[in-house]
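Report on the following structure.
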């Protein structure tokens, strides 16, 4: 950012250079010079050690007073000085015998020598000096509202009032001085100054003082946008949300310019560039004239897609299927972002980028063609996935899948699945092609073999299914979803033919169905919604062949809603209504009847436990259901707690009666992960009936609804 001072001709680039005075250096006054003391009084006359006459007498005498004659030897001179006793004179010993014995003793070991602690500390160059303690005082921010922000970023305050040296305190103060000026400039106080100083009182207390003067706050004056003509006219200025009279706030100005850089590519200008702003400050009016150059480039229209990469998941022809725009449409960066998201949602890339390419070729209506280039790198196509859960009445259930997502390019996946549980076992194989001829359209065909053994029934089932669908994914949640298709089932089941006696019989059913489902989703998250609602309707015309052909229609309506009471508390509620019309209950295979109870239904009861029962107290299913639930979800960090009330009942009639409701209450815990919450719930039935459990436990992944 260029900011220029009009009258003072002061140029400031980006954040202006601070003009505050430098910090005063800490100085110590040297002690006054003193003259070293002498061991004698230099002002008095010195008494000679030896009188002159004695000194002369002791000098060796010259024989014959001939100066050329050699001097006598020093030994003969010494002999002359020694008193004559008639025997050789002996010199006194230089050292007394006792002292000589003492000097001959060995020195004591070094580690036996003790030194006072204070002397040792003073002589150790590596000894850590005590920290310098200081206080911080901030002055002058007044009503600017910037003091809290300054304190949050202050080096002095971050130091908690202590430093290793006084020089370190001074360095922190200098940084805070610059920080204060930057903060003021960012809010339009371009005449602001700051001064940092260190004060030391007589008792040695050190105080760092940051004193600021904000000055006047500048406002935007004339706003000038330098750009070529656009369609529609004035597009650049309209995209710049700045007004004359607004304060010159850095974040506001930068946000306005970012909006220009965002809006222009949405309106066809794929290669628009926002230049460097210029602000000319006028101290007389306390305003700044704002100028922004913008190079819009040509207005473009979509043309073709190209792709490259050492390892490609699929070619440009399939990317053309995934795009939402049509060639010849005005370029829109939002549609480019949508294409990028769709490519990521395939799960086939380790990295993918989509960028516009200028062609310099004329397009319709004075535009220029723009191509999109996709740079791709395919990721590992194989994945293993699994889920584990437990429910009272349903037991443990584990499901695993192996998927090759691109075995049959483009996006042709093969999925092998297995279910292992205490009451359900099975294997399945599925072929799935995503974006099958159309964006978001999925074709799927599969086969399964399954065994289920519950209190309500035991079934050995083999089936084939085929469907077309548009479904949400965690990456791309869709508002409208649908599924339609067909399935054929061959099922051998043990069924209760007389509820009064509990008599059972194995029957084989041949079932055909044409299910259709439509969903509408306004929730904010697929796995952990906190606001919005979801609604879905499923209708499945079916026919059951067991002796005679029995046609009927299965229908289900689900509605869930989520209301955020606060950032931590969400109230969730749901209802489900279901019906089977056109046939009696006994003509419907037990595995196709309506049941309630369990983790995804009415908690507090075992799986499929609610509704009509035979003489052995085993559920036999019904033709209609109504369910309701309210749940309070409280989250703290990665953990959460819930409390809930569930209600529901199954009826023999085709229309729910909303009577004889059964209730369950409970609490649960949540552990939130990147792929959804881990759930553990415990619930108990209200007005428990004979044969019903005192409580039920449910463990799984994802919210209950």
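None of the figures in this text is laboratory data; all of them are computed from the coordinates on show. The structure displayed is predicted, hence computed values, not measured ones. We place every Cβ from the backbone using ideal geometry, glycine too, and count neighbours over all the protein chains shown.
Using only Cα atoms, what is the ratio of the radius of gyration of the stretch 382-701 to 2.2 N^0.38 Å?
It is 1.02.
What ranking of 567, 246 emerges when the number of other C-beta atoms within 10 Å of each C-beta is taken as an exposure proxy, fewest first? Provide the component values of the computation, followed by the final result.
Values: 567 8, 246 16.
Fewest to most other Cβ atoms nearby, the residues stand as 567, 246.
For the stretch 225-295 and the stretch 327-350, what is the separation of their Cα centres, given in Å?
Each part's Cα centre sits 28 Å from the other's.
Round to the nearest 0.05 the FRET efficiency obtained for residue 431 and residue 630 when R0 = 56 Å and r is the Cβ-Cβ distance.
For R0 = 56 Å, the calculated efficiency reads 0.85.
What ranking of 699, 305 emerges when the number of other C-beta atoms within 10 Å of each C-beta is taken as an exposure proxy, fewest first?
Fewest to most other Cβ atoms nearby, the residues stand as 699, 305.
Would you calculate the convex hull of the Cα atoms in the stretch 570-705 and tell me its volume per residue in Å³? Walk me through the numbers on the way to the answer.
Values: hull volume 14.6 nm³, N = 136.
Enclosed volume per residue, from the Cα hull, is 107 Å³.
Could you let me know the centre-to-centre spacing of the stretch 351-375 and the stretch 613-679, using Cα atoms, in angstrom?
Using only Cα atoms to place each centre, the spacing works out to 53 Å.
Where does the stretch 129-213 land on Rg/Rh, using Cα atoms and the Kirkwood Rh?
For the stretch 129-213, the value is 1.00.
Given a cut-off of 14 Å, what percent of all Cα-Cα pairs of the stretch 219-295 lie beyond it?
59 percent
DSSP beta bridges in the stretch 219-295, what fraction antiparallel, as a percent rounded to 5?
Approximately 55 percent, going by the DSSP bridge assignments.
Between residue 344 and residue 525, 0.36 nm times their residue separation minus their Cα-Cα distance comes to what?
63.4 nm
So if each residue of separation counts as 0.36 nm, and I subtract the Cα-Cα distance between residue 285 and residue 143, what length gain in nm does that give? Intermediate results must be reported in sequence, preceding the final value.
Numbers: separation 142, 0.36 × 142 = 51.12 nm, distance 2.16 nm.
Result: 49.0 nm gained on full extension.
Can you compute the equivalent ellipsoid semi-axes for the stretch 300-378, i.e. the square root of 5 times each eigenvalue of the Cα gyration tensor, sorted largest first and rounded to whole Å?
23, 12, 9
Show me the ranking of peptides 686-697, 261-272, 649-660 by mean Cβ neighbours inside 10 Å, starting with the highest.
Ranking, from highest mean packing down: 261-272, 649-660, 686-697.
With a 10 Å Cβ neighbour count serving as the proxy for reagent exposure, in which order, fewest first, do 276, 493 appear?
276, 493
Report the calculated FRET efficiency for residue 539 and residue 311 (r = Cβ-Cβ distance, R0 = 41 Å), to the nearest 0.05.
Efficiency computed from Cβ-Cβ geometry: 0.40.
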